[in-house]
Amino acid sequence: MPIHFRRRSLTLTLTFGLIGAALAMPAAAADLLTGAKARGTLKIAMEGTYPPFNFKDLKTNQLAGYDVDVATLLTARLGLKPEFITTEWSAILAGLAAGKFDVAVSQVGINPKREQTFDFSEPYTYSNPQLIVRKNEKATYASLADLKGKKLGVGQGSVYEQQAKAVPGIEVRSYPAAPETLQDLAFGRIDAALNDSLMVAYLLKHSKLPIQAGARVGNVERMGIPVRKGNPLLKAALNRALAEAQADGSLAKLSLKWFGSDVSRPAAQP
């Protein structure tokens with residue numbers, strides 16, 4: 001009897017211990033899509049100072065741009081309304097990781113380093129890195145290697161910053177937003193800037209700064225919508241909405257509106 005009692009006591013102790021441990025464990029976090037459906041809105045981070053992708057229209061005082069239109073289209077197909085939250089580019093991914101937003105729709109390049117922290121939707125933009133120089137620039141920069149010993153302006157935390165820092169000898173200067181970069185370029189504080197070729201084309205049409213397009217450098221970049229890992233329902237819903245928008249031409253229509261060509265698909269190889 002004593003032996004049997006001790007065994008039963010141990011069993012009860014273990015049983016209650018396991019139950020207590022299970023109760024003490026935090027419940028698995030709900031998918032972000034569930035919370036968005038309950039609110040009726042999707043919290044979307046974007047820079048808000050990056051034309052033609054996302055910027056404030058001075059006439060309407062509202063956010064406008066390709067990213068804004070894409071985000072509005074996708075949230076509508078999810079049965080939600082967009083809740084835009086503007087923040088400096090350098091803080092967007094940190095804020096996303098900290099749970100301040102559900103997603104970021106702000107031309108976020110897809111690369112292996114970021115994929116360690118975030119899941120990405122399928123790409124919705126394809127573009128090239130491109131140099132920007134002053135109109136009176138006499139030097140020719142055909143590649144990043146030509147900028148050794150020169151000052152190159154890039155967006156803080158951007159893929160362009162990573163590309164520039166990978167080339168020895170370039171003095172890389174990082175900026176929180178594109179306007180500051182381009183102002184310093186115009187005033188001669190840096191020798192060139194590196195940014196998205198689609199943004200460069202837009203600037204040439206709308207900016208009064210004495211700048212011009214330089215050489216395209218590097219490989220084609222794919223831009224997607226990052227989501228914190230552990231939210232498969234939200235990722236799948238975004239991909240379904242993107243696939244539908246690709247199939248019915250809605251995404252191409254938005255691309256043509258802002259760029260005059262379909263940048264939502266990779267360019268055909270010659």
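The values are calculated or read from the model by the stated rules, or taken from the named source; none is laboratory data. On a predicted model such as this, the values are computed, not experimentally measured, just so you know. With ideal geometry, Cβ positions are generated from the backbone for all residues, glycine too; neighbour counts draw on all protein chains shown. Side chains included, ligands, DNA and RNA excluded: accessible areas come from the protein's heavy atoms. Shrake-Rupley method; radii C 1.70, N 1.55, O 1.52, S 1.80 Å.
Give me the percent of accessible area attributable to carbon and sulfur for the chain, probe 1.4 angstrom.
Numbers: 8150 of 14340 Å².
Within the chain, the accessible surface is 57 percent carbon and sulfur.
So which of LYS81/LYS257; LYS100/LYS235; LYS56/LYS229; LYS37/LYS81; LYS81/LYS235 end up more than 19 Å apart by C-alpha? Show your work: numbers first, answer last.
Details: LYS81/LYS257 22 Å; LYS100/LYS235 17 Å; LYS56/LYS229 30 Å; LYS37/LYS81 10 Å; LYS81/LYS235 17 Å.
Violating the 19 Å limit, Cα to Cα: LYS81/LYS257; LYS56/LYS229.
For the range 129-216, what is the accessible area per residue in Å², given a 1.4 Å probe and the full set of protein chains?
The answer is 48 Å² per residue.
Using a 1.4 angstrom probe on the protein heavy atoms only, line up THR87, THR75 by accessible area, largest first.
If we order THR87, THR75 from most to least accessible, we get THR87, THR75.
By how many degrees, 0 to 90 and rounded to 10, does the Cα axis of helix 66-77 deviate from the longest principal axis of the chain?
Result, in degrees: 30.
For the chain, what does -39500 (n - 2.57) per DSSP helix run (n ≥ 4), summed and divided by total residues, give at 222 nm, in deg cm²/dmol to the nearest 500? All intermediate terms of the calculation are to be shown ahead of the outcome.
Details: 10 runs with 108 residues, N = 270.
Here the helix-only value at 222 nm equals -12000 deg cm²/dmol.
Could you go through the range 219-225 in sequence order and give the Karplus-derived ³J(HN,Hα) for each residue, using 6.51 cos²θ - 1.76 cosθ + 1.60 with θ = phi - 60°, rounded to whole Hz, and x for Gly and Pro?
8, 5, 9, 9, 10, x, 10
Kindly provide the trypsin sites (Lys or Arg not before Pro) of the range 28-64 that DSSP labels as loop, not H, G, I, E or B, and whose Cβ sees at most 11 other Cβ atoms within 10 Å. The partial results should precede the final answer.
Values: sites: LYS37, ARG39, LYS43, LYS56, LYS59; in loops: LYS59.
Qualifying residues, ordered by number: LYS59.
Output the pairs from LYS59/LYS205; LYS150/LYS208; LYS135/LYS205; LYS138/LYS208 with a Cα-Cα distance over 22 Å in this structure; if there are none, say none.
On the way: LYS59/LYS205 18 Å; LYS150/LYS208 24 Å; LYS135/LYS205 14 Å; LYS138/LYS208 20 Å.
From the list (LYS59/LYS205; LYS150/LYS208; LYS135/LYS205; LYS138/LYS208), the Cα-Cα distance tops 22 Å for LYS150/LYS208.
Enter the accessible area of LYS148 (Å², nearest 10), with the probe set to 1.4 Å and all protein chains included.
Surface accessible to solvent at LYS148 totals approximately 110 Å².
What percent do you get for the relative contact order of the chain when only Cα pairs under 8 Å and 6+ apart count? Walk me through the numbers on the way to the answer.
Working: 462 pairs, mean separation 65.7, N = 270.
Rounded, it is 24 percent for the chain.
Could you tell me the calculated FRET efficiency between THR86 and ASN219, based on Cβ-Cβ distance and R0 = 22 angstrom, to the nearest 0.05? Don't skip to the answer; put the middle values down first.
On the way: r = 29 Å, r/R0 = 1.33.
Approximately 0.15, to the nearest 0.05.
Suppose R0 equals 35 Å. What FRET efficiency, 1/(1 + (r/R0)^6) with r the Cβ-Cβ distance, do ARG77 and LEU204 give to the nearest 0.05? Please report the intermediate quantities before stating the final value.
Working: r = 33 Å, r/R0 = 0.95.
Calculated value: 0.60.
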